[in-house]
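One structure is given here, and the rest of the page talks about it.
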Amino acid sequence: RAEAGAPIMNWCYKNDYLCTMGKNLYVIERRYLTGIVNLFDIYFPIMDVVFVFDNSEGKHELIAKKTPNSDLYVIDNNKFNKLKSYYDSTR
């Protein structure tokens, strides 16, 4: 049920989820967003060492880190604040 003029891709609807190229976009987005919540709710509080990377452009860029001898150290405030803003919006 792709719309007229839509880009030529393998679009389909299956169980009310938009799918493309065999990947369920809803599931991918849900898991990504759940991962952000889990990062703040579960992993930061219990882990001694945490590294948060952005690999969205094919390179690993360190955003923040937590080590046993320090509190959370944010390296890229802009990217970290986007994650934190999403997390805060779920509370």
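Total residues in the stretch 59-91 satisfying the condition of being under 22 Å from residue 29 (Cα atoms) and β-branched (Val, Ile, Thr): the figure is 2. In the stretch 73-91, the residue that is most open to solvent (accessible area, probe 1.4 Å) out of those that are modelled with pLDDT of 90 or more and touching a helix residue (DSSP H, G or I) at 6+ places or on another chain (Cβ under 7 Å) is 86.
Taking every residue in the stretch 67-82 that is polar (S, T, N, Q) and pairing it with any residue that is assigned to a loop (DSSP other than H, G, I, E, B) and open to solvent by less than 80 Å² (accessible area, probe 1.4 Å), at least 6 positions away or on another chain, the pairs with Cβ-Cβ distances below 8 Å are 67/49. In the set (1) part of a helix (DSSP H, G or I); (2) open to solvent by 50 Å² or more (accessible area, probe 1.4 Å); (3) at pLDDT 90 or above, the condition left unmet by residue 28 is number (3). Per the listing 39, 62, the residue uniquely among the aliphatic types (A, V, I, L, M) and either part of a helix (DSSP H, G or I) or open to solvent by 80 Å² or more (accessible area, probe 1.4 Å) (or both) is 39.
The values are calculated or read from the model by the stated rules, or taken from the named source; none is laboratory data. For clarity, every value in this text was computed on a predicted model and none was experimentally measured. Every residue, glycine as well, gets a Cβ built from its backbone with ideal geometry; the counts of neighbours run over all protein chains shown. Protein only, heavy atoms only, side chains kept; ligands, DNA and RNA dropped before computing areas. Shrake-Rupley method; radii C 1.70, N 1.55, O 1.52, S 1.80 Å.
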